[in-house]
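Data first, discussion second: the structure below is written as structure tokens.
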Amino acid sequence: MRIILCGFGVVGQSLVKLFNSRSEDLYAKYGLKPRVVGVFDSKGSAIDSSGLDLEKLVETKKKFGTIKNYSITKNNWSGLDIIKNLEAEVLIETTASNYKDAEPGMTHITTAMKRGMHIISVNKGPLALAFPSLLELAKYNQVMLKFSGTVGGGTPILDYAKESLRGERIISFAGILNGTTNYILTNMANGLSFESALKDAKDKGYVEADESLDLDGLDAAAKLVILANWIMGMKVTMPDIKCTGIRKVTNDDIKKAAMKKCAIKLIASCNKTLEVSPKEVSIDDPLCVNGTLNAIAFTSEHSGTQTIIGKGAGGMETASSILRDLLDIRQETSRI
Ligand code: HSE
């Protein structure tokens, strides 16, 4: 299966490492032979239609900070040149999420769809801003659009609600979908000020380059848009979410909640309205997870409430969700 990889940051590199370390069993168990034919980062690209050397890609990135130096005869192809000209079955989009205009991911995805490529996106921007029209475009071009890694990282939240709960009617759901703010709120509950908790989260590398995406609830809102469209069949985008972040949560608020045996968590919920805001959650509620963990509780008509808990981010975890999507595409296309 020929793959174009957009972006070569933590997730892209983890994916390539995963392909490399699992190549034998992926072929033996699933008949999957991923062949990465083009990769680009913000500084340049590497191409080889017979398949790039995965170890060399990672080494090049480590040594030069870009994959531009992959081969001595450097190519001048931009990411878009690659998408427009290389032959591939799947495009994997891992560039940074942007909630202003969703670029450059949006152009990567729409261009590849028009060329008949299946899409796996862990970039939330295009889905958050244009989920309904992207699904239509995928249908029109007869390609698959997969995005398991956008919600819950490696934790299969979307698959659980869509597949495991098939036939059920999900009435509502509520979740902690942003690990960074959960880590900050947990540390504030342990006595740290907002500023110190934020600094600690930054030192640990949890906070997005644009901290507002975490702190103002945009990342959680984007995940809520994806869930609402995919699980509830709503046709909504970012402006439909009522969104409040955690900047105004004080240590005093947290202490008051603790007296009622509650913790304050940034909750993304779908229950008539779509909302992201800090809420008091009972410490006995399975949803009340700490640190960087994510959790989501789905309430269904007949089977009650179930809560899924897991890591919501991480390079290898997210790479593992891309692999799940790739196996689905492989299975679907081998049926045709
Ligand atoms: N900034 C996100 C989080 C990363 O903290 O959960 C995963 O989308």
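Has region 167-180 got at least one residue that is within 14 Å of the ligand (Cβ to nearest atom), touching a residue at least 40 places away in the same chain (Cβ under 8 Å), in a helix (DSSP H, G or I) and not assigned by TED's automatic domain parsing to the domain that holds residue 319?
yes
Taking into account only those residues within region 187-204 that are free of Cβ contacts under 8 Å to residues at least 24 places away in the same chain and among the hydrophobic types (A, V, I, L, M, F, W, C), which is farthest from the ligand (Cβ to nearest atom)?
Step by step, filter region 187-204, then rank; the result is 192.
So which of 87, 59, 93 ends up being in the same structural domain as residue 125 (by TED's automatic domain parsing), acidic (Asp, Glu) and under 21 Å from the mean Cα position of the chain (by Cα)? Outline the logic, then answer.
On the way: 87 fails: under 21 Å from the mean Cα position of the chain (by Cα); 59 fails: under 21 Å from the mean Cα position of the chain (by Cα).
Exactly one residue qualifies, and that residue is 93.
Does any residue in region 286-299 that is within 17 Å of residue 317 (Cα to Cα) come within less than 6 Å, Cβ to Cβ, of a residue that is in a loop (DSSP other than H, G, I, E, B) six or more places away or on a different chain, and which pairs are these?
That search, which allows pairs on different chains as well, returns 294/152; 294/177; 294/312; 295/287; 295/289.
Quick one: would you say residue 245 is touching a strand residue (DSSP E or B) at 6+ places or on another chain (Cβ under 9 Å), on the phi > 0 side of the Ramachandran plot and buried (at least 21 other Cβ atoms within 10 Å of the Cβ)?
It is false that residue 245 is touching a strand residue (DSSP E or B) at 6+ places or on another chain (Cβ under 9 Å), on the phi > 0 side of the Ramachandran plot and buried (at least 21 other Cβ atoms within 10 Å of the Cβ).
Looking for something away from the ligand (no atom under 16 Å from the Cβ), touching a helix residue (DSSP H, G or I) at 6+ places or on another chain (Cβ under 7 Å) and not in a loop (DSSP other than H, G, I, E, B) - is there at least one such residue anywhere in region 205-220? If you could, list the steps in order and put the result at the bottom.
Step one: list which residues in region 205-220 are away from the ligand (no atom under 16 Å from the Cβ), which gives none.
No, every residue in region 205-220 fails to be away from the ligand (no atom under 16 Å from the Cβ), touching a helix residue (DSSP H, G or I) at 6+ places or on another chain (Cβ under 7 Å) and not in a loop (DSSP other than H, G, I, E, B).
Only one of 184, 176 is buried (at least 24 other Cβ atoms within 10 Å of the Cβ), within 22 Å of residue 306 (Cα to Cα) and at pLDDT 95 or above; which?
176
Give the residue that is nearest to the ligand (Cβ to nearest atom), with candidates limited to residues of region 153-166 that are surrounded by 20 or more Cβ atoms within 10 Å (Cβ to Cβ) and more than 12 Å from residue 309 (Cα to Cα).
Per the stated criteria, the residue is 158.
Just name the residue that is farthest from residue 145 (Cα to Cα) out of those in region 50-91 that are of a type in the set (Phe, Trp, Tyr) and assigned to a loop (DSSP other than H, G, I, E, B).
If we filter region 50-91 for residues that are of a type in the set (Phe, Trp, Tyr), which is where we start, we get 64, 70, 77.
Cutting the leftovers down to assigned to a loop (DSSP other than H, G, I, E, B) gives us 70, 77.
On the way: 70: 30, 77: 25 Å.
Ranking the qualifying residues of region 50-91, first place goes to 70.
Determine whether region 125-137 contains at least one residue that is surrounded by 18 or more Cβ atoms within 10 Å (Cβ to Cβ) and farther than 30 Å from residue 221 by Cβ.
Checked region 125-137: no residue is surrounded by 18 or more Cβ atoms within 10 Å (Cβ to Cβ) and farther than 30 Å from residue 221 by Cβ.
For residue 265, state whether it is under 22 Å from residue 313 (Cα atoms), not in a loop (DSSP other than H, G, I, E, B) and not acidic (Asp, Glu).
yes
The values are calculated or read from the model by the stated rules, or taken from the named source; none is laboratory data. Everything numeric in this text was worked out from a predicted model, so none of it was measured. Every residue, glycine among them, receives a Cβ derived from its backbone with ideal geometry; neighbour counts consider all protein chains shown.
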